[in-house]
């Protein structure tokens with residue numbers, strides 16, 4: 001995890017509309033950056049829909065939400081459309097941003113080890129510094145936890 005108070009790594013990635021999105025686009029706003037393993041999987045869908053359901057309340061705090069996975073722009077289009085997600089989903093197929101935010105970790109399933117995306121979230125403050133960090137989040141509870149942290 002990145003340390004609280006350190007400068008958030010800058011990035012420029014394409015969102016589900018193919019538009020470039022950079023951390024610098026949000027100077028002066030708080031930015032919730034959540035990393036998730038894969039579009040259209042049960043936990044990731046629960047988490048994304050949870051953020052969708054509290055999105056207006058998050059916007060009211062002066063913050064924005066960015067979801068990041070290594071899925072393609074095309075996959076993000078389908079995911080965002082299917083679940084009416086109102087926030088940016090960023091595509092990081094080569095995991096450059098994911099690694100910069102310490103969200104690329106060794107995982108294990110059925111005794112097999114592999115590299116994958118950790119379910120972590122950062123809140124970046126208006127000046128571009130890491131304000132809060134959340135690891136091993138629970139998809140169903142996390143959006144409400146973030147909303148509370150922004151208040």
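The values are calculated or read from the model by the stated rules, or taken from the named source; none is laboratory data. This structure is a prediction, so every number in the text was calculated from the model and none was measured. Using ideal geometry, Cβ is built from the backbone for each residue, glycine included, and neighbour counts are taken over all protein chains shown.
Brief remarks on what is shown
Listed here are the residues, each with its yes/no results for (1) surrounded by 18 or more Cβ atoms within 10 Å (Cβ to Cβ); (2) under 16 Å from residue 100 (Cα atoms).
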| position | (1), (2) |
| --- | --- |
| 5 | no, yes |
| 16 | yes, no |
| 28 | no, no |
| 36 | yes, yes |
| 56 | no, no |
| 60 | no, no |
| 65 | yes, no |
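- Selection from segment 75-103 of residues that are in contact with a strand residue (DSSP E or B) (Cβ under 7 Å, 6 or more places away or on another chain), over 13 Å from residue 32 (Cα atoms) and not in a helix (DSSP H, G or I): 91, 92, 95, 103
- Here segment 55-74 is the region considered, the condition is being assigned to a helix (DSSP H, G or I) and either modelled with pLDDT under 95 or in contact with a strand residue (DSSP E or B) (Cβ under 8 Å, 6 or more places away or on another chain) (or both), and the residue that is nearest to residue 95 (Cα to Cα) is 73.
- Test: residue in segment 116-129 that is assigned to a helix (DSSP H, G or I), in contact with a helix residue (DSSP H, G or I) (Cβ under 8 Å, 6 or more places away or on another chain), within 16 Å of residue 37 (Cβ to Cβ) and modelled with pLDDT of 95 or more: no
- Some residue of segment 90-108 being surrounded by 16 or more Cβ atoms within 10 Å (Cβ to Cβ), modelled with pLDDT of 95 or more and within 19 Å of residue 59 (Cα to Cα): yes
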